[in-house]
Amino acid sequence: MNMDAGKTDKLIASAIAALPYSRPAAGFSARVMAGIAAGEARQPWQASVLKAAGLIVTAWAAALVFVAAGLVYSNLADMAALVIQPDGLARAFNLVAAHAALVLAKTVAVLALASDIMSAAAAGLPAWYEIAAAAAVCAAALAALSTSGRLASRRI
Amino acid sequence: MGENETDLVRRCLEGDNSAFAGILEIYQDKIYSFALRLLRDPVAAEDAAQEAFVKAFRGLSSYNPAYQFSSWLFRIAHNACMDALRAGNKTVSLDHEDFPDLPDPVRGVAESVADSIDAERIEALLASLPPLYSEVLLLAYREDMGPAEIARVIGAPEGTVKARLFRARELIKVKLAAGAAADATVQG
């Protein structure tokens with residue numbers, strides 16, 4: 001005889017409810033606590049690194065703000081004078097552009113000077129083909145000497 | 001949540017790590033059994049249970065005491081088991097299950113068959129279900145959770161939980177009936 005669905009549901013539910021719990025292998029708790037302790041041990045180290053990185057970033061940002069604030073403060077009067085004049089902003093822009101062009105020109109000049117110094121230093125050296133020829137002659141002489149040395153030792 | 005359990009959680013939150021050993025003692029069998037019935041491998045179940053406890057300890061500050069501690073812990077265990085199933089390339093999604101369509105509705109099984117639902121038989125039936133079905137049955141009947149609590153554990157809407165529970169029960173009935181028919185054929 002077929003049972004009604006509700007009664008079967010109840011039987012299934014009670015069968016599942018009566019299922020026994022399994023116990024993990026011995027030492028499970030110890031392994032979990034060790035895992036927790038390992039995480040705890042790692043955390044202070046990570047925290048120190050993060051704190052140090054945070055301090056460096058903060059100090060660097062503070063230094064930048066301080067320097068920028070000093071520059072702004074020292075040039076505040078000039079900037080204010082420029083701004084309040086007619087076409088002051090345009091003149092300020094022109095001034096900044098002129099400064100940038102000057103810095104660029106100085107950079108180009110420094111690079112050209114460095115290039116000249118290096119060329120002058122290189123001029124004192126022999127030409128590359130002379131160095132290569134000397135190296136080849138030296139290598140040939142060393143090879144000849146070592147070969148004759150080996151032959152002489154065999155004869156002895 | 002029992003008073004003792006509340007105290008253990010509170011002590012853990014206050015920085016007394018040794019109190020977690022008490023929580024472990026209360027829940028280790030439950031969480032391990034839950035994982036074992038989903039993963040069907042003792043080593044994988046132990047790994048998942050261990051991961052769940054370690055994660056629970058680390059995330060204890062995020063636990064909201066307004067809800068049951070057990071459902072919070074089971075949610076972490078559920079996530080660990082699903083990760084383990086995915087890592088083992090086992091199908092977790094219900095989209096591609098290879099179950100036949102259920103007769104609608106499945107009637108009750110024969111009395112003689114229903115009477116034979118012992119622990120061994122129900123374990124085998126649970127093991128034959130996809131993990132997403134067996135877990136709702138385990139949470140509902142073994143852990144005595146309601147649909148709302150199960151929904152929090154598995155992170156699915158309450159309606160989905162009810163649908164899965166219904167379908168899981170129907171699948172068990174189908175399998176019971178199929179088993180009884182096979183037995184009758186053998187005897188005949």
Output the residues belonging to the range B:1-59 that are acidic (Asp, Glu) and free of Cβ contacts under 8 Å to residues at least 60 places away in the same chain. B:Glu3, B:Asp7, B:Glu14, B:Asp16, B:Glu25, B:Asp29, B:Asp41, B:Glu46, B:Asp47, B:Glu51
Might you check whether a residue that is away from chain A (no Cβ under 14 Å), small (Gly, Ala, Ser) and outside any helix (DSSP H, G or I) occurs anywhere in the range B:81-89? yes
Just to verify a result, which residue in the range B:89-126, among those that are exposed (fewer than 11 other Cβ atoms within 10 Å of the Cβ) and within 26 Å of B:Gln50 (Cα to Cα), is modelled with the highest pLDDT? B:Asn89
Kindly provide the set of residues from the range B:29-44 that are closer than 17 Å to B:Arg75 by Cβ and at the interface with chain A (Cβ under 10 Å from one of its Cβ atoms), ordered by number. B:Lys30, B:Ile31, B:Tyr32, B:Ser33, B:Phe34, B:Ala35, B:Arg37
Only one of (1) within 14 Å of another protein chain (Cβ to nearest Cβ); (2) open to solvent by less than 50 Å² (accessible area, probe 1.4 Å); (3) assigned to a helix (DSSP H, G or I) fails for A:Gly54. Which number is that? (1)
Which of the residues spanning the range B:23-39 are open to solvent by less than 20 Å² (accessible area, probe 1.4 Å) and of a type outside the set (Ser, Thr, Tyr)? B:Ile23, B:Leu24, B:Gln28, B:Ile31, B:Phe34, B:Ala35, B:Leu38, B:Leu39
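So that you can scan it fast, the table gives a plain yes or no per residue for (1) open to solvent by less than 40 Å² (accessible area, probe 1.4 Å); (2) in contact (Cβ under 8 Å) with a residue 12 or more places away in the chain; (3) among the small types (Gly, Ala, Ser); (4) under 17 Å from A:Lys10 (Cβ atoms):
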site	(1), (2), (3), (4)
B:Leu129	yes, yes, no, no
B:Ile150	yes, yes, no, no
B:Val174	no, yes, no, no
B:Ala178	no, no, yes, no
Working carefully through the options B:Ala44, B:Ala52, B:Ala84, find the one that is under 14 Å from A:Met33 (Cα atoms) and open to solvent by less than 70 Å² (accessible area, probe 1.4 Å). B:Ala52
Of all the residues that make up the range A:7-38, how many are at the interface with chain B (Cβ under 7 Å from one of its Cβ atoms), open to solvent by 70 Å² or more (accessible area, probe 1.4 Å) and assigned to a helix (DSSP H, G or I)? 2
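The values are calculated or read from the model by the stated rules, or taken from the named source; none is laboratory data. It should be emphasised that the depicted structure is a prediction, and the values quoted were computed from it without experimental measurement. Glycine also receives a Cβ, built like all others from the backbone with ideal geometry; neighbour counts cover every protein chain displayed. Calculation scope for accessible area: heavy atoms of the full protein, side chains included, ligands and nucleic acids excluded. Shrake-Rupley method; radii C 1.70, N 1.55, O 1.52, S 1.80 Å.
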